[in-house]
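Here's the structure, in structure tokens; my notes come after.
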């Protein structure tokens with residue numbers, strides 16, 4: 001099991017590095033290929049397209065992994081990503097770049113399938129720990145990726161895409177020769193193969209025990225988008241941060257987040273239970289949101305970073321709770337649904353959050369942070385009812 005976990009963790013880390021590699025050069029690439037200095041709607045649409053494809057196709061691929069196995073779906077995803085990054089590196093037009101971006105979203109199933117793989121090989125009482133470590137691997141990869149991508153982008157704007165293609169190719173080789181199938185049955189208990197993206201979502205809604213937790217999961221995803229959407233703008237507007245300070249703050253956040261996910265989430269869940277770990281995460285995150293909204297000096301934001309990252313232990317605990325509500329034959333379908341819901345939050349959240357922020361930043365830029373903390377109140381009726389979870 002340790003060998004399989006190591007391969008899955010390496011796969012997720014390399015996948016995150018590949019995604020992060022391209023992030024620093026996307027605006028420049030769109031300008032170069034589009035032959036325009038004004039990005040307009042193109043930048044937002046390019047980013048949202050990936051999340052939109054994830055929303056539709058993660059449930060499908062997760063359900064397929066229940067039926068035909070985790071390994072073939074993961075291999076297909078990695079192969080598709082490698083070819084697609086190469087395609088985008090050579091794409092001569094904006095239209096083809098957008099086509100490539102859509103394919104990236106479709107093939108980007110590695111996180112949901114990897115989560116299902118981890119659920120297959122991990123006892124239920126240890127899943128929160130493993131899900132936390134999986135999230136930490138993604139965070140570490142996403143820290144390294146943009147740094148490397150920024151350096152490569154200085155050499156050639158398309159070089160990060162070529163590097164991402166190579167990384168996904170190496171990832172594919174690693175999984176092909178080392179990773180074994182985690183599904184022990186013949187797949188008969190899984191869902192029939194289907195291209196209908198709504199079928200797994202409808203399946204999830206038929207579980208009364210899942211519904212309250214799924215609602216909490218969506219809320220956590222939406223609240224989590226606050227920092228990702230406005231952190232840079234908030235630092236510039238309120239604390240007059242320069243690019244270097246912003247970069248240091250993001251690196252610090254990534255470091256503390258990885259440490260909390262890898263070493264805090266699991267032990268707290270195993271010692272106090274997943275429900276209490278989730279409550280600790282909600283309490284820490286909401287406290288950090290209120291304090292950052294009221295902060296008057298930039299150094300205060302750095303002091304709050306550990307509290308923000310302690311708030312991150314709630315997501316693995318909730319993922320573990322949800323995993324325990326369905327049978328072993330449906331772990332892939334569930335993880336696909338969860339990835340789909342995260343993608344939905346990634347589409348709707350930034351649009352809503354940025355609208356509120358730009359409307360209020362002249363009078364009180366911290367309003368969005370307080371709004372995120374207030375949304376946590378909607379989770380409490382579920383979390384405080386012992387029999388609900």
* Among 95-104, 333-342, how do they line up from the highest to the lowest mean number of other beta-carbon atoms within 10 Å? -> 333-342, 95-104
* For the range 344-389, the fraction of alpha-carbon pairs in successive 5 Å shells from zero, as % -> 5, 19, 18, 20, 14, 11, 7, 4, 1
* Asked: When the C-alpha atoms of the chain are aligned to their principal axes, what extent does each axis show, in angstrom, from largest down?
  -> 57, 53, 35
* Structure fact -> Rg (one decimal) and Dmax (whole number) from the Cα set of the range 61-192, in Å, equal 16.5, 51
* Asked: Per the helix-only calculation at 222 nm, which mean residue ellipticity applies to the chain, given -39500 (n - 2.57) for every DSSP H run of n ≥ 4 and division by its residues, nearest 500 deg cm²/dmol?
  -> -26500 deg cm²/dmol
* To do: Any chance you could run the full-extension gain for residue 155 through residue 374? It's 0.36 nm times the residue separation minus the Cα-Cα distance, nm to one decimal.
  => 74.3 nm
* Asked: So what's the gap between the Cα centers of the range 347-389 and the range 68-134, to the nearest angstrom?
  -> 29 Å
* Structure fact -> Ranked output for segments 201-213, 261-273 by mean other Cβ atoms within 10 Å, highest leading, reads 261-273, 201-213
* **Spatial extent of the range 99-150: Rg and Dmax, with the Cα atoms as the point set, Å** => 13.9, 42
* To do: Let me know the Rg and Dmax you get for the range 260-350 when you use only its Cα atoms, in Å.
  => 15.4, 51
* 28 Å tail of the calculated P(r), the range 232-389, as % of Cα pairs -> 26 percent
* Which order do peptides 10-20, 284-294 fall in by mean Cβ count within 10 Å, highest first? -> 10-20, 284-294
* To do: Could I get the Rg over Rh figure for the range 54-106? Both from C-alpha atoms, Rh via Kirkwood, rounded to two places.
  => 1.06
* Asked: How are the C-alpha pair distances of the range 206-289 spread across 5 Å bins, as whole percents from the shortest bin up?
  -> 3, 11, 15, 22, 19, 13, 9, 6, 2, 1
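Read-outs throughout are calculated quantities, based only on the coordinates presented, and are distinct from any laboratory measurement. This one's a predicted model, so the numbers in the text were calculated from it and none came from an experiment. Ideal geometry is used to build each Cβ from the backbone, glycine not excepted, and the neighbour counts take in all protein chains shown.
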